[in-house]
Amino acid sequence: MSTQFRAVVCPIFNESAAWQDVCLTLSDMFDLVVVVDDGSRNAAPNHERAHVFVLRHDVNQGKGRALETGFRYCLDRGADFVATIDGDGEHDPINFLDAFEQCRDIGMVSLSRAPYFGDYDRFRRSRNAIISARLSKTLGVSIKDTQSGMRIFSAAAVRSVLNAGLSQGYAVETTVLYRLCLAGFIVKEIPMIAPGVCRAGKKYANLGAAFSDLRLFLSVLATGRPPRAGNRMSQWHGMSRPLANRARARVQK
């Protein structure tokens, strides 16, 4: 894996200076670190490291759009693998060390926070457990943390996600998992080996974004899948039953 070009995308929105410490650690582990400032009130400054780049949205567009911007930037520069991590310190970068050893022939490796769910409040813990169980049943897999934002993707998996279109808000992790499974990519979940800082909650730019995520999560609970959407996002709906069955067979615990 040492010859592979590794990139990581770190979306931020009105974060404290914590993201800079995260990026210092990441810069020793990745060939390219891309921070996407999604319309913060105080724009994030450029970073001192040569291979750390800060991209900016003039206005907040949601975590999904921030990831899309970062993904395209990384692919344009030839990344073989693209990781994602939150910039508020919830994810300890050290978890990537073991994860990269799992990446060969894998579409996505997801780092599960399940070993540390006891540190979260009851609402977040229960919501994640219920949604993860519902989505796992639909896909015929066992995923304990469908909402983890710490992942590693192959370049092919990133292209597949971009072609389908990313959902806008924080529910992007759930929809990405769903799409990759149905597209037949091998998805593997491994537990985190070190906890990060347990954050209090999400930072939504407006109520519309919050209700959009709520609608998506309620749809997963009711139907076992994210809701239908128009435009680019519509391509990943309506998968046939045989394709879904093949997807189940390709997901590893």
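Residues that are farther than 19 Å from residue 81 by Cα and either in a loop (DSSP other than H, G, I, E, B) or out of contact with any strand residue (DSSP E or B) (no Cβ under 9 Å at 6 or more places or on another chain) (or both) were ranked within region 1-17; the one that is modelled with the highest pLDDT is 13. Here residue 71 meets each of (1) free of Cβ contacts under 8 Å to residues at least 12 places away in the same chain; (2) touching a helix residue (DSSP H, G or I) at 6+ places or on another chain (Cβ under 6 Å) with one exception, condition (1).
Restricting to region 85-103, name every residue that is touching a strand residue (DSSP E or B) at 6+ places or on another chain (Cβ under 9 Å) and assigned to a helix (DSSP H, G or I). Within region 85-103, 95, 96, 98, 99, 100, 102 qualify. When region 144-185 is filtered for residues that are open to solvent by 10 Å² or more (accessible area, probe 1.4 Å), of a type outside the set (D, E, K, R), over 22 Å from residue 61 (Cβ atoms) and free of Cβ contacts under 8 Å to residues at least 60 places away in the same chain, only 156 remains.
Scanning region 90-113 for residues that are open to solvent by 30 Å² or more (accessible area, probe 1.4 Å) and closer than 16 Å to residue 191 by Cβ turns up 92, 94, 97, 98, 101, 102. Which one is farthest from residue 30 (Cα to Cα), of the residues in region 41-89 that are open to solvent by 60 Å² or more (accessible area, probe 1.4 Å) and hydrophobic (A, V, I, L, M, F, W, C)? Result: 59.
Restricting region 14-28 to residues that are among the small types (Gly, Ala, Ser) and free of Cβ contacts under 8 Å to residues at least 40 places away in the same chain, the residue that is surrounded by the fewest Cβ atoms within 10 Å (Cβ to Cβ) is 17. When region 18-54 is filtered for residues that are in a loop (DSSP other than H, G, I, E, B), among the polar types (S, T, N, Q) and in contact with a Pro (Cβ under 7 Å, 6 or more places away or on another chain), nothing remains.
The values are calculated or read from the model by the stated rules, or taken from the named source; none is laboratory data. Since we're looking at a predicted model, the values are computed, not measured. Cβ atoms come from the backbone with ideal geometry, glycine included; neighbour counts cover every protein chain shown. Note: areas computed on protein heavy atoms with side chains; ligands, DNA, RNA excluded. Shrake-Rupley method; radii C 1.70, N 1.55, O 1.52, S 1.80 Å.
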